[in-house]
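Worksheet: the structure to be examined is printed underneath.
The values are calculated or read from the model by the stated rules, or taken from the named source; none is laboratory data. The structure displayed is predicted, hence computed values, not measured ones. A quick note on method: Cβ atoms are made from the backbone with ideal geometry, for glycine too, and the neighbour counts reach across all protein chains shown.
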Protein chains: 2
Amino acid sequence: MQGFPPSPAQRVTLENWDRPPFNRWSFQHVRELIPTAEVGRGCGPICPLESAERDLGGVVFEAVTGRATTVAELLAETYTDGFLILHEGRVATELYFNGMTPETLHLSQSVAKSLIGTVVGIVIDEGLLDPRAPLTDQVPELAGCGYKGATLDQVLDMRSGVRFTEDYGQPGADISRLEAASGWRSNPDPALPDSVYDLILTLPQERAHGGAFQYRSVETDVLGWVLERATGMRLPELVSQKLWSRLGVEQTASFTVDRAGAALADGGFNATLRDYARFGQAYLQNGFFNGRQLVPEAWVRSCRTGDRSVFGEPYRSQTPNGAYRRKWWVKDTDRGVTMALGVFGQMIYIDPIADLVAVKLSTWPDYLNLDFKLNSLRALEAIAAVLAEGAT
Amino acid sequence: MQGFPPSPAQRVTLENWDRPPFNRWSFQHVRELIPTAEVGRGCGPICPLESAERDLGGVVFEAVTGRATTVAELLAETYTDGFLILHEGRVATELYFNGMTPETLHLSQSVAKSLIGTVVGIVIDEGLLDPRAPLTDQVPELAGCGYKGATLDQVLDMRSGVRFTEDYGQPGADISRLEAASGWRSNPDPALPDSVYDLILTLPQERAHGGAFQYRSVETDVLGWVLERATGMRLPELVSQKLWSRLGVEQTASFTVDRAGAALADGGFNATLRDYARFGQAYLQNGFFNGRQLVPEAWVRSCRTGDRSVFGEPYRSQTPNGAYRRKWWVKDTDRGVTMALGVFGQMIYIDPIADLVAVKLSTWPDYLNLDFKLNSLRALEAIAAVLAEGAT
């Protein structure tokens, strides 16, 4: 978006904004493209992040191609906008690229799912939700679609039997209909659902509830709806009150909202690099952060487990000890390493044994890139090893 | 926007948002309806507003109907959301209604014009703009529309000869085309201009430049374009750098932006009640505020003058000593009382002799309401008199 006005070829629109090269600008300017609602930081003091910075750019790891690669090379090659490492709770590295600053809110795509899952855990702990209860207890309308009979627990682990085709960029896929419904694209057809609520109600059941894990973004949007009904609060306000305002974050965050005012729970969250790190550190510390137990400890510990037997391909090949649990990717259930992941290269990585949290915000040219993902994980493992030794 | 989802009848949309009763919600939630860009507060300290609060609700004035009315009655009758009085630089009254809080950004409609005019004054003072130069020096494209030959000074005083019909709510009026172009409405027709830049270029000349004052919002949008070209900065960033971040405001503000990323200079600004008051106080103090000269003193003083002879009806009847000068309404050129005014009841009122700044943010049911406006002015005069006496 350079020039007054920008030339038509350079213009970032609702049709191109998440595609390269436009996403390099748009992921830091989401509010300029899509209506957004505040997730207030509240008026409490900032929870400081102590600094213990060191240069980790020279740390070397073996890329999936076999090539010896430095962390600095990885960051450049994978379109990094922000990169932060917390080791033993202190900032070991904090880097910004592509115009990003410590104040910039960056879209984190499906990282939002882990955030929403967390709020579900808090609200369950408060007794406002029962994880074993059918979703229709909170949202009776769901009886008219494929979610009839599904429980909160099943949706938390993405194990309902509802059909939701998530083929990114495919015009007919449910994910594309969701993009139009959520306001992420112009709605090309007035007959299509015009809000996320309406879209959910169109989805059929295609297998029994409680089967294998199947990644479907909309399951988190269903959670958002359930949360709103259980608490009587709009989701951005709820996330602020139950979590964001308690983390001692620096900046008010935001969610994109659709034409019915609903936040896109599955991927519309925007926050700063340092504030994502605070959220990760709260998980690393078993939910205790900023002076109190923000997330129930049992919930956090459970998010490091998960049923490997329902974790099918292609995920099992990528992370053989992996699982998916309560909106977190478990990289390794033995080590309890968890990840919040979003398309185009968003990641919060939490390794309790290494006492390390990493946040990487990126704008890959593609929704998914297996090499970028695996190389990023290898880099983080190498960084963890170097920090454990206490030497670069 | 109550309920999950809100019922269709309750839903605030791009078609109804500024109409009653929807505007009572939307003017405090503009970012949830329209894309917005940040006007950063920067990272400097807040310029404190000392408190000297007293109850002014019982102050009585004579309404235009002849009825004795209290300030409290006026505030309730005129759909007030926020009301603040600074007297001798201290907060004499600060009141919130209709869910507004000290942190809430409230749309101020054409108050934005006075803000943009101020930035023009600063940029002229820096030597980047010449007030006597034709607009085409900065934006050559304007030679292809009615703005050919018009100068910056003429546009500042709304005295160009360009046709712009400002009949609020009339589907065919230029103001309605501007609403669609600016993203304030859905664009019903792909053939209509899709950005404010494009809309400006469609406007013809209908009389000589430099004639009588004629209120036309688009003249401020032209200033916005000129400012961008003169400085090479997008307008929200420019307003932040030159003004907002220097005022010691509490909150980052915002502008609505159109599909080309352009801020709506004529009316898309949102800020908190207290921060509007800081802006007003800077004018009261001849541009010196927060420890330095933020706006050139000569500019501020000039904004209290104006050529009464070009100030025609209906304005002259409403304010017989009135004028319009550099995007400020001069209520009384003898007393130097100036006002920034916006439709649906937005006002910053600056009376240097009474040492009083008032801010009133409202959501009237109508664009314009002469009784509401005149009664508000009478109430402020009564408040000024009471404060001058030092007694309620």
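In the set B:R24, B:R54, B:R31, which member is at the interface with chain A (Cβ under 10 Å from one of its Cβ atoms), of a type in the set (D, E, K, R) and in contact (Cβ under 8 Å) with a residue 12 or more places away in the chain? Show your work before the answer.
Details: B:R24 fails: at the interface with chain A (Cβ under 10 Å from one of its Cβ atoms); B:R54 fails: at the interface with chain A (Cβ under 10 Å from one of its Cβ atoms).
From the options B:R24, B:R54, B:R31, the qualifying one is B:R31.
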Practice task
Just name the residue that is nearest to the chain's Cα centre (by Cα) out of those in the stretch A:151-162 that are of a type in the set (A, V, I, L, M, F, W, C) and over 18 Å from A:E228 (Cα atoms).
Solution key: A:M158
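Would you check if A:A260 is within 14 Å of chain B (Cβ to nearest Cβ), over 19 Å from the mean Cα position of the chain (by Cα), in contact (Cβ under 8 Å) with a residue 40 or more places away in the chain and not in a loop (DSSP other than H, G, I, E, B)?
Working: within 14 Å of chain B (Cβ to nearest Cβ): yes; over 19 Å from the mean Cα position of the chain (by Cα): yes; in contact (Cβ under 8 Å) with a residue 40 or more places away in the chain: yes; not in a loop (DSSP other than H, G, I, E, B): no.
No, not satisfied.
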Problem - Pair list, Cβ < 8 Å and 6+ apart or interchain, from the stretch A:104-128 residues that are farther than 22 Å from A:F288 by Cβ to residues that are among the aromatic types (F, W, Y) and surrounded by fewer than 24 Cβ atoms within 10 Å (Cβ to Cβ) - result: A:T104/A:Y96
Practice task
Could you run through the stretch A:308-323 and say how many residues are in contact (Cβ under 8 Å) with a residue 40 or more places away in the chain and surrounded by fewer than 21 Cβ atoms within 10 Å (Cβ to Cβ)?
Solution key: 4
Fill in the blank from the handout: Filter the stretch A:246-261 for residues that are of a type in the set (D, E, K, R) and in contact with a helix residue (DSSP H, G or I) (Cβ under 8 Å, 6 or more places away or on another chain); the one that is surrounded by the fewest Cβ atoms within 10 Å (Cβ to Cβ) is A:E250
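Scan the stretch B:34-51 residue by residue and report those that are on the phi < 0 side of the Ramachandran plot and either surrounded by 21 or more Cβ atoms within 10 Å (Cβ to Cβ) or within 14 Å of another protein chain (Cβ to nearest Cβ) (or both).
Our first condition is that a residue be on the phi < 0 side of the Ramachandran plot; within the stretch B:34-51, this holds for B:34-41, B:43-51.
Once the filter is applied, which keeps residues that are on the phi < 0 side of the Ramachandran plot and either surrounded by 21 or more Cβ atoms within 10 Å (Cβ to Cβ) or within 14 Å of another protein chain (Cβ to nearest Cβ) (or both), the stretch B:34-51 yields B:I34, B:P35, B:T36, B:A37, B:E38, B:V39, B:G40, B:R41, B:C43, B:G44, B:I46.
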Practice task
Would you point out which residue out of B:G248, B:G306, B:G312, B:G267 is closer than 24 Å to B:E32 by Cβ and part of a loop (DSSP other than H, G, I, E, B)?
Solution key: B:G267
Practice task
Look at A:Y349 and say whether it is among the aromatic types (F, W, Y), buried (at least 20 other Cβ atoms within 10 Å of the Cβ) and closer than 19 Å to A:A72 by Cα.
Solution key: yes
Fill in the blank from the handout: Within the stretch A:165-209, the count of residues that are under 21 Å from A:G342 (Cβ atoms) and either more than 14 Å from every other protein chain (Cβ to nearest Cβ) or of a type outside the set (F, W, Y) (or both) comes to 21
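Which strands (runs of 3 or more DSSP E) does the stretch A:29-72 wholly contain that include 1 or more residues that are under 30 Å from B:P35 (Cβ atoms)? Let's see the steps before the verdict.
Working: elements: A:36-39, A:60-62, A:68-70.
Hits in the stretch A:29-72: A:36-39.
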Practice task
Go through the stretch B:12-21 and give me each residue that's within 14 Å of another protein chain (Cβ to nearest Cβ) and either outside any loop (DSSP other than H, G, I, E, B) or surrounded by fewer than 19 Cβ atoms within 10 Å (Cβ to Cβ) (or both).
Solution key: B:T13, B:L14, B:E15, B:N16
Completion exercise
Matching residues in the stretch A:276-296 (crowded, with 21+ Cβ neighbours inside 10 Å and without any contact (Cβ under 8 Å) to a residue 60 or more places away in the chain) number 2
Practice task
Would you please name the residue that is surrounded by the most Cβ atoms within 10 Å (Cβ to Cβ), looking only at residues in the stretch B:143-176 that are of a type in the set (D, E) and within 20 Å of B:W328 (Cα to Cα)?
Solution key: B:D157
Handout entry: Unique match (being more than 22 Å from B:T256 (Cβ to Cβ) and loosely packed, with under 15 Cβ neighbours inside 10 Å) among B:A92, B:A9
Key = B:A9
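Yes/no per residue for (1) under 27 Å from A:D307 (Cα atoms); (2) within 18 Å of the chain's Cα centre (by Cα); (3) within 14 Å of another protein chain (Cβ to nearest Cβ):
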{"residue": "A:V91", "(1), (2), (3)": "no, no, no"}
{"residue": "A:S108", "(1), (2), (3)": "yes, yes, no"}
{"residue": "A:D125", "(1), (2), (3)": "yes, no, no"}
{"residue": "A:P131", "(1), (2), (3)": "yes, no, no"}
{"residue": "A:P140", "(1), (2), (3)": "no, no, yes"}
{"residue": "A:G146", "(1), (2), (3)": "yes, no, no"}
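Between B:G280, B:G232, B:G306, which is small (G, A, S) and farther than 28 Å from B:T136 by Cα? Before you say what the answer is, go through the steps one by one.
Numbers: B:G232 fails: farther than 28 Å from B:T136 by Cα; B:G306 fails: farther than 28 Å from B:T136 by Cα.
Only one candidate qualifies: B:G280.
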Exercise for the section: Kindly provide the set of residues from the stretch A:358-371 that are of a type outside the set (D, E) and either over 22 Å from A:L86 (Cβ atoms) or in contact with a Lys or Arg (Cβ under 9 Å, 6 or more places away or on another chain) (or both), ordered by number. Expected result: A:V359, A:T363, A:W364, A:P365, A:Y367, A:L368, A:N369, A:L370
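Condition check ((1) modelled with pLDDT under 95; (2) assigned to a loop (DSSP other than H, G, I, E, B)) across all residues:
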position	(1), (2)
A:G149	no, yes
A:D153	no, no
A:F164	no, yes
A:D167	yes, yes
A:G172	yes, yes
A:L178	no, no
A:D189	yes, yes
A:D194	yes, yes
Fill in the blank from the handout: Going through the stretch A:34-51 in order, the residues found to be touching a residue at least 60 places away in the same chain (Cβ under 8 Å), touching a strand residue (DSSP E or B) at 6+ places or on another chain (Cβ under 8 Å) and over 23 Å from B:P236 (Cα atoms) are A:C47, A:L49
Problem - Scope the stretch B:210-245; condition within 12 Å of chain A (Cβ to nearest Cβ), part of a loop (DSSP other than H, G, I, E, B) and surrounded by fewer than 20 Cβ atoms within 10 Å (Cβ to Cβ); matching residues - result: B:G232, B:M233
Exercise for the section: Being farther than 26 Å from B:F83 by Cα and within 21 Å of the chain's Cα centre (by Cα) narrows it down to one of B:R274, B:R177, so name that one. Expected result: B:R177
